[in-house]
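*Asks:* Quick one: structure below, then a few questions.
The values are calculated or read from the model by the stated rules, or taken from the named source; none is laboratory data. This one's a predicted model, so the numbers in the text were calculated from it and none came from an experiment. We place every Cβ from the backbone using ideal geometry, glycine too, and count neighbours over all the protein chains shown. What goes into the accessible areas is simple: the full protein's heavy atoms, side chains included, and nothing from ligands, DNA or RNA. Shrake-Rupley method; radii C 1.70, N 1.55, O 1.52, S 1.80 Å.
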Amino acid sequence: MNIQFREFNPFDLWIWLEFENIPSPLEQQYVEELFNSWFYLGKLGGFNAENLQVTETGVDISYMEYNSATAEAALMAPMHNMSDFEYTGTWGRCWLDLGTSDLIAVDVLINALTQLSREYLTLRQVIIGGVNEDWPVDRRSAAIFN
């Protein structure tokens, strides 16, 4: 699976998926559930790099003392909005406003899409940001979600 980054605006972001074949309804459901789950985590502020206490502790987290005050002091980092997933031929796309969530969210999505492609359906490529010449964006449709 090829990962490609184009112009990246976290407040107006299209993510494009190219499937090996036209995705079946079940394959579409897998993709949509992945994106919905990822977005809900983001909406709840789950991708907040200001509070990564467990990761920063290292490998041995047995009996780690989690600092709730540090977690409370971290600025909010929620995603704001997501469109419904759309499909045409072998392409799928989704528009997002990542809000103030941190870029760790993009890594998490790429990791999940990589595993999805290995086990459930084959993705040729994922394009993050920019436009897709094969499927023009109606800029007015993105503005609806703002």
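*Asks:* Scan the stretch 47-69 and tell me whether some residue there is closer than 25 Å to residue 1 by Cα and at pLDDT 95 or above.
*Replies:* If we filter the stretch 47-69 for residues that are closer than 25 Å to residue 1 by Cα, which is where we start, we get 47.
Going one step further and asking which of them are at pLDDT 95 or above, we end up with none.
So far as the stretch 47-69 goes, no, none of its residues is closer than 25 Å to residue 1 by Cα and at pLDDT 95 or above.
*Asks:* Would you pick out the residues in the stretch 127-146 that are modelled with pLDDT of 95 or more and either of a type outside the set (A, V, I, L, M) or over 11 Å from the mean Cα position of the chain (by Cα) (or both)?
*Replies:* At the first step, the residues of the stretch 127-146 found to be modelled with pLDDT of 95 or more are 127-129.
Listed by number, the residues that qualify are 127, 129.
*Asks:* Determine which single condition residue 86 fails, assuming it passes every other condition in (1) surrounded by fewer than 14 Cβ atoms within 10 Å (Cβ to Cβ); (2) out of contact with any strand residue (DSSP E or B) (no Cβ under 7 Å at 6 or more places or on another chain).
*Replies:* Failing condition for residue 86: (2).
*Asks:* Name every residue in the stretch 70-83 that is open to solvent by less than 40 Å² (accessible area, probe 1.4 Å), out of contact with any Phe, Trp or Tyr (no Cβ under 6 Å at 6 or more places or on another chain) and of a type in the set (Gly, Ala, Ser), in order of residue number.
*Replies:* 71, 74, 77
*Asks:* Here's a check for you: in the stretch 111-121, which residue that is out of contact with any helix residue (DSSP H, G or I) (no Cβ under 9 Å at 6 or more places or on another chain) and surrounded by 14 or more Cβ atoms within 10 Å (Cβ to Cβ) is farthest from residue 46 (Cα to Cα)?
*Replies:* Looking only at the stretch 111-121, we keep the residues that are out of contact with any helix residue (DSSP H, G or I) (no Cβ under 9 Å at 6 or more places or on another chain), and these are 111, 114-115, 117-119.
Remaining after also requiring surrounded by 14 or more Cβ atoms within 10 Å (Cβ to Cβ): 114, 117.
Details: 114: 20, 117: 24 Å.
Of everything passing the filter in the stretch 111-121, 117 is farthest from residue 46 (Cα to Cα).
Residues checked against (1) touching a helix residue (DSSP H, G or I) at 6+ places or on another chain (Cβ under 7 Å); (2) in a loop (DSSP other than H, G, I, E, B):
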site	(1), (2)
61	yes, yes
64	yes, yes
70	yes, no
76	no, yes
84	no, yes
100	no, yes
105	yes, no
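*Asks:* Out of the residues in the stretch 30-69 that are more than 23 Å from residue 10 (Cβ to Cβ) and aliphatic (A, V, I, L, M), which is nearest to the chain's Cα centre (by Cα)?
*Replies:* In this case the residue turns out to be 54.
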